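Below is one structure; the comments refer to it alone.
The values are calculated or read from the model by the stated rules, or taken from the named source; none is laboratory data. None of the values given here were measured: they were computed from a predicted structure. Heavy atoms of the whole protein, side chains included, go into the accessibility calculation; ligands, DNA and RNA do not. Shrake-Rupley method; radii C 1.70, N 1.55, O 1.52, S 1.80 Å.
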Amino acid sequence: MERSAKIMVIFSIFLIIGVSMTGCSDDTEPAPSGTAAPVTTAGPLYTAGDIVRSASGSESPAWMVISYDPASDSYSRALIYKNTDGSYGYRTSPNTELSKRAAMEKVFTVKITTVTVGSVPTAAPTTVTTIATLATTKITTTTSASGTTTTTASTARPSIKAMVPEEGEAGTAVVTEITGSDFVSDLKAELRHSGEKSVKATKVSWYSSSSVTCTFELSNTTKVGTWDIVVTNPNGLSGEYTNYFTVHGNKSAT
């Protein structure tokens, strides 16, 4: 009997310990699945008529927002120039281009002013034409037994100051503005990377001796990393900015 009593006492102790451990369990119910807090997405920063530039970019030309398309999350934009009195402005071309909102708002952070898009005329003022005819020339005279030959050659060497945007994603077309000096109409532009085939601009729009826009078609296999930007005038003289343009991997391909 005494032994049976001891067994009963031991059994009771284990029973009490088991109940106590059960009572210490976490009574907090897990949060039901599918009830994550809603994610809010900010709307577009700019509206139609806003004139914007990058922190170090030119105010003439600058970019004018034509519209915003929520379906593609992109801005339609066009270059706008100042009038002779400093006001905005005019366009030299009716063409517009699309720019992803994320890239546009990241690069063009300075809002200059706002105008009415429909009130901006498209024209080619004589001042722009005058700039196009400016050229630095060098006269070379060569004398030989057969006579004297005089040749004229342009000595304008382009210089690059900035490029916006200065990055792009492989597998996309990037439209970028290059600013600098001594740009001559019909110049060529390309991206270069050691050991890689250069990426030539498929479209170059010359606006002045200090501004051009270029379209670079970056294939899915374009090497990720920094590339040099090179512009070459028709006279063969080039300007280069090394390790300036950054190519990022194609996110949609991963």
Legend entry - Amide hydrogen neighbours beyond the local backbone of Glu169, cut-off 5 Å, H modeled: His248
Legend entry - Accessible-area value, Val107, 1.4 Å probe, nucleic acids and ligands omitted, Å²: 30
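Going down the list Lys161/Lys200; Lys100/Lys197; Lys161/Lys203; Lys111/Lys161; Lys100/Lys203; Lys203/Lys223, which pairs span over 24 Å between their C-alpha atoms?
Values: Lys161/Lys200 19 Å; Lys100/Lys197 27 Å; Lys161/Lys203 20 Å; Lys111/Lys161 21 Å; Lys100/Lys203 19 Å; Lys203/Lys223 21 Å.
Result: Lys100/Lys197 exceed 24 Å.
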